[in-house]
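Participant: Okay, handing you the structure first.
The values are calculated or read from the model by the stated rules, or taken from the named source; none is laboratory data. As the structure is a prediction and not an experimental result, all values here were calculated from the model. We place every Cβ from the backbone using ideal geometry, glycine too, and count neighbours over all the protein chains shown.
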Amino acid sequence: MRTFLWYFLGWLGLVLSYPILIKAKYYELRQKTEHKNHFVNQKSQMLARYLFKLTGSTVNVTGLENVPKNGAVLFVSNHQGHMDSLIIHGFIDKKKGFISIVEVLKYPIIRTWMKLIKCVFLDRENARQSSTCINQAIEHLKNGQSMVVFPEGRLSDSPEVGPFQRGWLRLATKSGVPIVPVSISNSYKALAKDGSKVGGVQVECVISAPMYTDNLKKADEVAFIDKLRTAIMQHVSAQIV
């Protein structure tokens, strides 16, 4: 019953959000960019929290003081489950888009919201398109828009933190923004990987101190990524229940 209600009330909430999308378009047509960005960020965070809480889950976020108040940052997180994006967007109050996958573009309304918050969509089967996508995200970061990346590249659907890919690091080195590590635990239990089951759980989200890539040499990139992954893993391990 909980799974049915989550899908029913979730899609109902998305459909009822349509007037908000129309208002955002109105701001865009009137060239009220700051109005639009503030409005979209506020409403999209509310929607993310609504969809997450519908699972019956709760989240405890610690380390919010580690998020720089001024300027863009690159949030780097492990990726246990589908709820991770909702948690990061809904419970960390900073304007942000996501490095997502093109497959989500098939979902109406969801894709519109994601485009509004300046997500970019990666085609993992197309190297040229992927490079264009990364460059677009770098421009967003340079223009003051924070971004979120999951360097494992896929859901782990478990407490394990998979190996981190290297290509994402260019987002930080080319834009010069700080990296903010995020550790999420237990989110994979909130919604099954295949979407077949919703379960109410306690999720832990730990935000660690920023890391910087200033003067990072190419030869040191692997060690830097390993250090970041270890920092994220330490907090995930500490919160598994």
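To keep it simple, each residue is scored yes or no on (1) in contact (Cβ under 8 Å) with a residue 60 or more places away in the chain; (2) in contact with a Ser or Thr (Cβ under 9 Å, 6 or more places away or on another chain).
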{"position": "L14", "(1), (2)": "yes, no"}
{"position": "R30", "(1), (2)": "no, no"}
{"position": "L47", "(1), (2)": "yes, yes"}
{"position": "N60", "(1), (2)": "yes, no"}
{"position": "L64", "(1), (2)": "yes, no"}
{"position": "K69", "(1), (2)": "no, no"}
{"position": "H79", "(1), (2)": "yes, yes"}
{"position": "F91", "(1), (2)": "yes, no"}
{"position": "I99", "(1), (2)": "yes, no"}
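Participant: Taking T33 as meeting all but one of (1) modelled with pLDDT under 95; (2) closer than 26 Å to T230 by Cα, write down the number of the exception.
Facilitator: (2)
Participant: Within the group D93, D123, which residue is farther than 25 Å from A192 by Cβ and modelled with pLDDT under 95?
Facilitator: Answer to the selection: D123.
Participant: Of the residues E125, E160, only one is within 24 Å of G63 (Cβ to Cβ) and free of Cβ contacts under 8 Å to residues at least 12 places away in the same chain; which?
Facilitator: One residue alone meets the criteria, E160.
Participant: Quick check on this structure: which one of S156, S146 is in contact with a strand residue (DSSP E or B) (Cβ under 7 Å, 6 or more places away or on another chain), buried (at least 17 other Cβ atoms within 10 Å of the Cβ) and among the polar types (S, T, N, Q)?
Facilitator: Details: S156 fails: in contact with a strand residue (DSSP E or B) (Cβ under 7 Å, 6 or more places away or on another chain).
Only one candidate qualifies: S146.
Participant: Is it the case that K53 is over 25 Å from V201 (Cα atoms) and not polar (S, T, N, Q)?
Facilitator: When the stated conditions are applied, K53 does not pass them.
Participant: Another question, then. Determine which single condition G56 fails, assuming it passes every other condition in (1) of a type in the set (G, A, S); (2) buried (at least 20 other Cβ atoms within 10 Å of the Cβ); (3) over 14 Å from the mean Cα position of the chain (by Cα).
Facilitator: (2)
Participant: For the range 212-240, how many residues are assigned to a helix (DSSP H, G or I), aliphatic (A, V, I, L, M) and modelled with pLDDT under 95?
Facilitator: Going through the range 212-240 one residue at a time, the tally reaches 2.
Participant: On to the next question. Pull up the range 103-119, narrow it to residues that are within 18 Å of Q136 (Cβ to Cβ) and without any contact (Cβ under 8 Å) to a residue 24 or more places away in the chain, then point me to the one that is surrounded by the fewest Cβ atoms within 10 Å (Cβ to Cβ).
Facilitator: Residue satisfying both the conditions and the ranking: E103.
Participant: Follow-up. Output the residues belonging to the range 184-195 that are surrounded by fewer than 20 Cβ atoms within 10 Å (Cβ to Cβ) and either closer than 21 Å to V67 by Cβ or not aliphatic (A, V, I, L, M) (or both).
Facilitator: Of all residues in the range 184-195, those surrounded by fewer than 20 Cβ atoms within 10 Å (Cβ to Cβ) come to 192-195.
Matches in the range 184-195: K193, D194, G195.
Participant: Residues that are free of Cβ contacts under 8 Å to residues at least 60 places away in the same chain, more than 17 Å from the chain's Cα centre (by Cα) and more than 14 Å from D157 (Cβ to Cβ): does the range 187-206 have at least one?
Facilitator: No, every residue in the range 187-206 fails to be free of Cβ contacts under 8 Å to residues at least 60 places away in the same chain, more than 17 Å from the chain's Cα centre (by Cα) and more than 14 Å from D157 (Cβ to Cβ).
Participant: Between A209, A231, A223, A219, which is touching a strand residue (DSSP E or B) at 6+ places or on another chain (Cβ under 9 Å) and surrounded by fewer than 15 Cβ atoms within 10 Å (Cβ to Cβ)?
Facilitator: Exactly one of A209, A231, A223, A219 is touching a strand residue (DSSP E or B) at 6+ places or on another chain (Cβ under 9 Å) and surrounded by fewer than 15 Cβ atoms within 10 Å (Cβ to Cβ), namely A209.
Participant: Which is crowded, with 19+ Cβ neighbours inside 10 Å and either more than 14 Å from M147 (Cβ to Cβ) or acidic (D, E) (or both), of S100, S131, S44?
Facilitator: Answer to the check: S44.
Participant: While we're here: Looking at (1) surrounded by 21 or more Cβ atoms within 10 Å (Cβ to Cβ); (2) modelled with pLDDT under 95, which is the one condition that is false for V198?
Facilitator: Against the list (1) surrounded by 21 or more Cβ atoms within 10 Å (Cβ to Cβ); (2) modelled with pLDDT under 95, V198 comes up short only on (2).
Participant: Residues R170, R166: which one is surrounded by fewer than 18 Cβ atoms within 10 Å (Cβ to Cβ), touching a helix residue (DSSP H, G or I) at 6+ places or on another chain (Cβ under 7 Å), at pLDDT below 95 and on the phi < 0 side of the Ramachandran plot?
Facilitator: Among R170, R166, only R166 is surrounded by fewer than 18 Cβ atoms within 10 Å (Cβ to Cβ), touching a helix residue (DSSP H, G or I) at 6+ places or on another chain (Cβ under 7 Å), at pLDDT below 95 and on the phi < 0 side of the Ramachandran plot.
Participant: Give L105, L86, L14 a once-over and let me know the one that is of a type in the set (A, V, I, L, M), under 20 Å from H235 (Cα atoms) and part of a helix (DSSP H, G or I).
Facilitator: Of the residues listed, the single one that is of a type in the set (A, V, I, L, M), under 20 Å from H235 (Cα atoms) and part of a helix (DSSP H, G or I) is L86.
Participant: Looking only at the range 62-80, count how many residues are crowded, with 22+ Cβ neighbours inside 10 Å and small (G, A, S).
Facilitator: The total comes to 1.
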